[in-house]
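The values are calculated or read from the model by the stated rules, or taken from the named source; none is laboratory data. Small disclaimer: the values here were computed from a predicted structure and weren't measured. Virtual Cβ from ideal backbone geometry, glycine too; neighbours counted across all protein chains shown. Each accessible area value is taken on the protein alone, full model and side chains, heavy atoms only, with ligands, DNA and RNA left out. Shrake-Rupley method; radii C 1.70, N 1.55, O 1.52, S 1.80 Å.
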Amino acid sequence: MGDIMVLDDVLDAGIMIKRILERKGHQVTVFTDELEALEHVRTHPVEVAILDIRLKKMSGVDMLEELKKASPLTQVIMLTGYPTLETARQSKELGAFDYCIKPIDKEELEEKVAGALAAGKVAAQ
Amino acid sequence: MNLRQLFTYWTLQVFAPGKLLRLKYLAFKDLLRHDKKSLELITDLEELLHRNATVDWARVESLLRALLWSVESLLRALTALQPTAYQDLEERFRQLESSLPAAVSLPEMDCRPPYTLTLAEAGAAPVLAGGKAHTLGRILRETALPVPPGFVITSRAFSLFLEHNHLRHRLDELLAQVQLDDWERLIGLCKEMRDMVREGEIPLEVQGEIHRRLDDSRRQGLTGPWVLRSSACFEDGEASFAGQYRSLLQVPDPQFLPSYKEVLAGKYTPRAVAYRLRCGLADQETPMAVLVLPIIDAVVSGVVYTREPQSPAGPAPCLAVYAVPGLGASLVDGSKAPEVHYLSRERPPRLLAEIAGPECALRPGVPGGVCLAPATAVSLAGWGLTLEELTGRPQDLEWCQDRQGRLFLLQARPLKPGTADAQDLQEVKDVPEVAPPVLLQGGVTASPGVGTGTVWLLRQEADLGEVPEGAVLVAPTLPPAFAAVIQRLRGVVSDGGSRASHFAAVAREYGLPVLVGAGDATRRLTPGQVVTVDAGHGRIYQGEVESLKQKARQEQARPETPFATRLKALMRFISPLHLLDPASPEFTPRNCRSLNDLVRFAHEKGMAEMFSLVGRQGRGLAKARRLETELPLVMYVLDLDGGLDQQSRKARTIAPQFITSEPMRACWAGLSHPDVVWRQGLLHLDWEELDRISAGLMSLKSARLASYAILAQDYLHLVLRFGYHFAVLDTLCSDNPEANYLAFRFKGGGGNFPQRLRRVQLIQMVLEWAGFTVKTRGDLLDARLARQAAGLLLPRLTLLGILQGQTCLLDISLTGEEQVSQFVRDFQERYAGYVEPQ
């Protein structure tokens, strides 16, 4: 199944996502720190990354840009509790797979991740 | 839409209507998705209000942000569908959005100085100093009572701390998850919140102020260690927060800053969060100030209650002075039983009676006795009367006496009423004549009231999470931690403990019956046994006592919380539906007065756009036409791509055999199944709509009130309007199982609410049996089955058709649970072939 990374400045939020996705057989690594997450991606290009928009040190949009530089084929799902047209537009421009809103329900999350994994496989071909 | 997009749109319309149709179809799919999400979020918010849910305001704000985004996305999808027609819609949305903050506004986090105050200054600054420090400051300013010298770190220092460490949104995200019935999770969430606070950095401005105050104190000869006490806004006000926050005793100077953070972190213990939620207060409404006092080497300490309904000497109201050896903590945390002195309410107070404690209050370890000097008790009672005069309310005050014999007043707060008065006592004395056996008699009323529940024996605090709903908690003592599960409790009985404990104060506020000092209750009451606790009269009866319970119910009515008031104000902008008649000239964006109106408007117009795809010049590929049928249904169908046979292209109406859409064929097979007996003579359309707008005058075949289906070869969007309810079915049955889904939504009905709920329950039972995931909220049902082969979905569409036909008028005739399960059993037996492979 998929190799997935979650970055959220709130640990509990990341763990909830991990629990849901692990039940679907995915392998999920959770980070609360941007730099550690970037380091992980550089050595370990995950298939899907789920990013919060409000992080501790940088914005989720900047993180998206850095992450795409480090691993262009990683499909990124932005997941935010503070949606704005501006961040939605920037995310799209920077190649995010989708822009989702918290609270997200289990089914929607599973669907988005399945979609992102499929898109990643197509992109790799 | 910018000019370029508009140009593209027109070009497409002129040159490539087929491509435009596909684009519209995509926009329409988007619109349906956002419509669904918006309605779900509105329902979530409505449910918080109607269920009286105890959640943090952060949850409401999070749902609201998601809703605003969904509605905005929905409007954008409508604009994509028809770029020119709805330009004032966005403006209306902006207007509604900007009128929201007034309805939901919480106090702004004020981060400006001052960050510290002297205690005397605190007496004039309730918001900055928080309840506890403000009261003490006021006593210092306005009376001659001996208050220890101290200072206050203000609530603004706390706000600055949160701001400085960017904690607000992170705390909110966690608070939004809090559910009081999930104890394990609450513990986890609270731990993360406290860790966030502990890891935070105290802003330099605040550090500087604290050091300055400590230096000032040193110059006055006051050195540590210190006592740091929480002093939250609202604390000791209407909501007492008694014992819910942390106080730290014995803090030496080097530990001062980490201890300050520790007290702030105490705002996020499970019990403090649970308590705040039950009071309906938002986190921002209760910023935490911290009261700093020099430690007093107390030999004896205790509390004074200025209004006791009776003493052992008789039923006259009096004052009570409670005393325990050492620090008062063991009294208020319920772990130690005190000696008690009852005094009259005159000047000077007169000693009426005394009750010995298990241990001498002045000589720890020496058993029994009444040790507090009568002069001390009289003096303390006099303080109580002075404070009553100052505040105009009965008081609950904490005091202590040091080695030099000096008395200090440490804290004062209003004493919650709730102590049964003597007359009340008389009245219920009669009850035992008709009541079942009294299992236990005696003890002290810590919080009056009557509750019936199942005995749950708690040996240690750590097991608190396991206490079930509806328990009468029986325990050796009365720790403040009980407050965390107060909602599940019907009563509390403790062997020891005291009515002067913090939990007793919280229980009185909450109206939970609590009986303390009941001796051997933990041995006399059997776990699992149903008992009725009449705490006001110190009796525990076997089983339910109906006459007492009635009395309990009368007392249950509680005032509306700030949370409920705010949520109601918010819902006025969200929930009410004013736009009802799509044909009315009033059906315009300007008349949208709630988000629900906007959603309704956009959905209706989105549907209309799809149905008018043909355009005024007759250009386009698709055209909605009526389905020919013997069934009493008015249904229009619109083909997007391969849903109807080519032969029917020219026909004005469509015969069912021309349907080539697989999902529509399957569903129609169900609706027209021979088992479904349609009541002839009743056209199945939207009666509510008909009642309201037509008074029966309009054509019964009007498209507006009809059911309709949007088709493609592998796709179906079906809106069924039956009688007073509607059902929406959206499904894709393609060759790719991963993309397939079947979503079904059902709402409303003509029966009364319980009948409607029974029908929803019935549909839920059948659909769950058929493998759907079903969620219900009130009379709204959502069922979903995704990522399945078409071969599995199609028979279930037929099943849904049959179910719809059979349950169409059922809500009016459903009278009981038994009928529901009978129907479900019969249905399962008869149609098993559609669910199980044959």
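Contact with the other protein chains removes 40 Å² or more of accessible area, compared with the isolated chain and a 1.4 Å probe, from these residues of the range A:92-125: A:I101, A:P103, A:E107, A:E111. Applying the criteria of a DSSP loop state and at most 12 other Cβ atoms within 10 Å to the GluC sites (Glu not before Pro) of the range B:379-419 yields no site.
Averaged over peptide B:71-78, the number of partner chain Cβ atoms lying within 10 Å of each residue's Cβ comes to 1. With bins 10 Å wide starting at 0, give me the P(r) of the protein assembly as shown over every alpha carbon pair, in whole percents. In whole percents, the pair-distance histogram is 2, 10, 16, 19, 17, 14, 11, 7, 3, 1, 0.
Classify the range A:8-100: rounded, prolate or oblate, from the alpha-carbon gyration tensor (a ≥ b ≥ c, eigenvalue square roots; a/c under 1.5 rounded; otherwise prolate if a/b is larger than b/c)? Because its axes are fairly even, with a/c under 1.5, the range A:8-100 counts as rounded.
Bridgeable aspartates and glutamates around A:K57 (alpha carbons under 14 Å apart, same-chain partners fewer than 8 residues away excluded): A:D8, A:D9, A:D33, A:E34, A:E36, A:E66. Modelled spin-label separation between B:E586 and A:L73, with each label point placed 7 Å from Cα along the Cα-to-Cβ direction: 6.0 nm. Here the range B:436-544 yields Rg over Rh of 0.91, to two decimals, using C-alpha coordinates and the Kirkwood radius. Counting only protein heavy atoms and a 1.4 Å probe, the range B:436-544 has 31 square angstrom of accessible area per residue.
Note on B:R350 and B:A120: with the Förster distance fixed at 35 Å, the Cβ-Cβ geometry gives a FRET efficiency of about 0.55. Contact residues in the range B:160-190 by the 40 Å² criterion (accessible area, 1.4 Å probe, full protein complex versus chain alone): B:H169, B:R170, B:E173, B:R185. Taking a point 7 Å out from the Cα of B:D297 in the direction of its Cβ, the residues of the range B:248-291 whose backbone N falls within less than 19 Å of it are B:249-253.
Chains A and B: how much accessible area gets covered up at their contact, both sides added, probe 1.4 Å, in Å² to the nearest hundred?
By this definition, chains A and B bury close to 2100 Å².
With both labels modelled 7 Å from their Cα along Cα-to-Cβ, the A:D105 to A:E22 distance reads 2.5 nm. Taking each residue as 0.36 nm, the span from B:R652 to B:N752 lengthens on full extension beyond its C-alpha to C-alpha distance by 32.0 nm.
A Förster radius of 45 Å, combined with the Cβ-Cβ distance separating B:D253 from B:L106, puts the computed FRET efficiency at roughly 0.80. For B:K24, the lysines whose Cα comes closer than 27 Å to its Cα, not counting residues fewer than 8 places off in the same chain, are A:K92, A:K112, B:K36, B:K37, B:K605, B:K623, B:K650, B:K701.
How much length, in nm to one decimal, is gained on full extension between B:H673 and B:R185, taken as 0.36 nm per residue of separation minus their Cα-Cα distance? Extending this stretch completely gives an extra 170.8 nm. Cβ-Cβ distance of B:A832 and B:V127, R₀ of 51 Å, FRET efficiency by 1/(1 + (r/R0)^6): the value works out to about 0.15. If you take the square roots of the eigenvalues of the alpha-carbon gyration tensor of the range B:116-294 and sort them as a ≥ b ≥ c, do you get rounded (a/c under 1.5), prolate (a/b over b/c) or oblate? Prolate, since a/c reaches 1.5 and a/b exceeds b/c. Residue separation of B:Q95 and B:R825 scaled by 0.36 nm, minus their Cα-Cα distance, works out to 257.6 nm of gained length. Between A:K92 and B:E47, the simple spin-label model (points 7 angstrom out along Cα→Cβ) gives 3.1 nm. To put it simply, the accessible area of the protein assembly as shown at a 1.4 Å probe is 53 percent carbon and sulfur.
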